[in-house]
Amino acid sequence: MGSYDFLADDEPTGSADVSSRPPWLVLVADDDHDVVAVTRSVLRGCRFEDREIEVLDVGSAAEARQLLERRPDVAVILLDVVMETDDAGLRLVTALRDELHLRALRIILRTGQPGFAPERDVIRRYDINDYRLKTELTAHSLYTSVVAALRGYADIAARIHAEQEARLAARSKSQFIANMSHELRTPLNAIIGFSDLIVHGDVRPDDLSDYVLAIRDNGQQLLEVLNALLDMAAIDAGRYKLREQVIAVEDWLTAALTAASRRAAAAGVNLAVHLSGEVPLLFADCAALAQILDNLLSNAIKFSPAGGTVNVSVAREEDGRPAVTVADQGIGIPDARLRDLFQPFTQVDGGFSRHFEGIGLGLAIVKGLVALHGGTIEVASAEGEGTTMTVRLPAERLIPGSAGVGER
């Protein structure tokens with residue numbers, strides 16, 4: 001193939017301001033090095049919607065497919081028709097749409113040998129967005145084609161994102177209804193059933209106290225569900241207010257571990273606490289931190305086998321941040337669920353046949369409360385081997401010069 005001249009008759013200039021937004025990715029798939037070089041030169045420094053244009057290049061259709069499999073965020077491909085075969089570009093178009101399902105990707109076909117691919121046939125048969133002869137492209141027309149393609153990509157990507165959000169919302173709603181139906185009806189049925197036995201049944205005195213305790217326990221379960229819903233609603237609406245004060249680590253741990261210890265004992269799970277290094281006093285919401293730890297411990301205990309151990313570690317890391325880690329030896333989390341783990345109403349053991357109770361708000365509340373403290377949460381898990389959750393708070397929440405908790 002020969003080289004083709006691009007006449008820089010109206011080359012745009014980019015803004016000197018550097019945007020923090022990621023660049024638009026434009027892929028040039030062409031085996032003519034001169035065409036690639038000139039395309040790079042024309043698009044260098046160009047911007048669209050305050051984002052730079054970054055040019056990637058490959059020399060074959062096979063390389064283009066491999067790159068797009070790794071980088072589905074490429075917005076536009078400038079695709080040569082004739083590369084390793086006379087129809088390599090056309091075959092790639094079909095693969096991108098039908099096999100990789102890159103709906104948003106804008107495809108601009110370019111050819112220096114139009115006889116191999118007549119324009120009308122190509123436009124009719126292939127899902128492309130533009131078809132240009134290389135000899136027609138000046139710097140101005142190349143830039144115009146790329147910007148038009150980027151605008152189309154942005155519109156379609158936004159629609160795809162909206163569709164995904166709608167599907168996620170519908171799935172969350174269905175999950176919410178299913179979870180709430182189970183978590184509300186089960187204790188309510190128990191309360192009504194035991195109450196009926198007390199009111200209408202011939203209850204022995206020895207059984208009466210058991211029935212009353214069952215009513216109380218199921219009422220407590222209902223209250224926990226409602227509190228979780230109210231907390232999540234407050235966090236989502238930005239109405240959750242931290243009651244910050246100077247707190248000692250012992251107070252924080254005691255508030256969370258009291259209830260967790262009872263749950264662990266009932267489940268036959270061991271609970272081990274490790275304090276290492278100096279952990280000074282913190283300026284934080286003690287109740288919120290206790291809820292964070294309680295929710296993490298609740299999950300760890302729930303998903304651990306009898307005889308397993310849940311380890312709680314509190315330490316001050318090298319960068320000064322206080323960190324609490326909860327590690328279990330339970331079922332672990334499937335890779336497919338890690339991404340949505342902190343979304344409301346997400347269950348590790350999802351579906352209607354799940355084996356573990358809960359409405360799926362615990363980790364969403366944890367993430368919200370950690371974020372309100374300016375902290376982060378990190379999860380590491382292997383299916384069948386257990387899960388480790390680490391919460392890190394900002395070093396600024398440490399009280400300077402305070403007496404810390406020594407090594408135990």
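Within region 247-274, which residues are small (Gly, Ala, Ser) and in contact (Cβ under 8 Å) with a residue 12 or more places away in the chain? Outline the logic, then answer.
Initially, region 247-274 is screened for residues small (Gly, Ala, Ser), giving 248, 255-256, 259-261, 264-268, 272.
Within region 247-274, 248, 255, 256, 259, 260, 264, 267, 268, 272 qualify.
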Please go through (1) at pLDDT 90 or above; (2) touching a Ser or Thr at 6+ places or on another chain (Cβ under 8 Å) for residue 303 and return the number of the only condition it doesn't satisfy. (1)
So residue 253 ticks every box in (1) over 23 Å from residue 231 (Cα atoms); (2) modelled with pLDDT under 90; (3) of a type in the set (A, V, I, L, M, F, W, C) but one. Which box is left unticked? (1)
Residue that is farthest from residue 397 (Cα to Cα) [pool: residues in region 232-261 that are outside any loop (DSSP other than H, G, I, E, B) and of a type in the set (D, E, K, R)]: 236
Can you tell me which of (1) surrounded by 14 or more Cβ atoms within 10 Å (Cβ to Cβ); (2) modelled with pLDDT of 85 or more is the one residue 178 doesn't meet? (2)
Is it true that residue 323 is out of contact with any Phe, Trp or Tyr (no Cβ under 7 Å at 6 or more places or on another chain) and not in a loop (DSSP other than H, G, I, E, B)? yes
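Return the residue satisfying two criteria in turn: it lies in region 322-336 and is of a type in the set (Gly, Ala, Ser) and without any contact (Cβ under 8 Å) to a residue 60 or more places away in the chain, and of such residues it is surrounded by the fewest Cβ atoms within 10 Å (Cβ to Cβ). Reasoning before the result, please.
Step one: filter region 322-336 for residues of a type in the set (Gly, Ala, Ser), giving 323, 327, 330, 332, 336.
From the residues that got through so far, the ones that are without any contact (Cβ under 8 Å) to a residue 60 or more places away in the chain too are 330, 332, 336.
Working: 330: 22, 332: 17, 336: 9.
Taking the candidates together, the pick is 336.
Inspect region 158-177 for any residue being outside any helix (DSSP H, G or I) and either within 25 Å of the chain's Cα centre (by Cα) or not aliphatic (A, V, I, L, M) (or both) and give the result as yes or no. Let's see the steps before the verdict.
Quick first cut of region 158-177, residues outside any helix (DSSP H, G or I) only: none.
No, the conditions are met nowhere in region 158-177.
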Residue that is farthest from the chain's Cα centre (by Cα) [pool: residues in region 204-228 that are at pLDDT below 85 and buried (at least 17 other Cβ atoms within 10 Å of the Cβ)]: 221
Every residue from region 9-33 that is more than 12 Å from residue 142 (Cα to Cα) and at pLDDT below 90: 13, 14, 15, 16, 17, 18, 19, 20, 21
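The values are calculated or read from the model by the stated rules, or taken from the named source; none is laboratory data. Only a predicted model underlies this, so the values are computations on that prediction, with no experimental measurement involved. All Cβ positions, even for glycine, are placed from backbone atoms using ideal geometry, and neighbour counts span all protein chains on display.
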